[in-house]
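Bear in mind these aren't lab numbers, they're just calculated from the coordinates by the rules spelled out. Computed from a predicted model, the values in this text were never measured in an experiment. Here Cβ is always computed from backbone atoms with ideal geometry, including for glycine, and neighbour counts include all displayed protein chains.
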Amino acid sequence: MHLIIQLFFRLLGVAVIPLGWKLLKGLGFIGVTYTGVHLLMEQAREYVFTHLMSMPTEWIQLIGLLKLDVCINILFSAYVARAVLWGMDKATGTKSAIRWGGRL
């Protein structure tokens, strides 16, 4: 019985610990990818909106009617989502079934 318990804990250590390390490594890579991409997109978004607000008043009113600011936010959100999904794909080493066109 003592031998079976030792064998069980040995197999548990061999199987679970590497799986845990792979999981933590993958989560860390995803977190770094998301943080970096999110920061980059926030800076780009601030740059675009700063220059949009420096336009003449009539143009800003027209942009408000066209909801261009909403369109820009949707585009930046889509870029962040795309980059995060691409980063998660690279972290796990598996191919994703999502294809939005183009090659990465």
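Just to verify a number: FRET efficiency for I60 and R82, C-beta to C-beta distance, R0 = 30 Å, to 0.05? Mind showing how you got there, number by number?
Values: r = 29 Å, r/R0 = 0.98.
According to the calculation, E is roughly 0.55.
Which FRET efficiency, nearest 0.05, do N73 and A15 yield, Cβ-Cβ r, R0 30 Å? So the FRET efficiency works out to roughly 0.10.
Here the 3J(HN,Hα) profile of the stretch 48-61, calculated from phi with Karplus coefficients 6.51, -1.76 and 1.60 at θ = phi - 60°, is 5, 5, 5, 6, 5, 6, 8, 7, x, 4, 5, 5, 5, 5 Hz, Gly and Pro shown as x.
For the peptides 9-20, 40-51, what is the packing order when you average, over each peptide's residues, the other Cβ atoms within 10 Å and list the highest mean first?
Result, highest mean Cβ count within 10 Å first: 40-51, 9-20.
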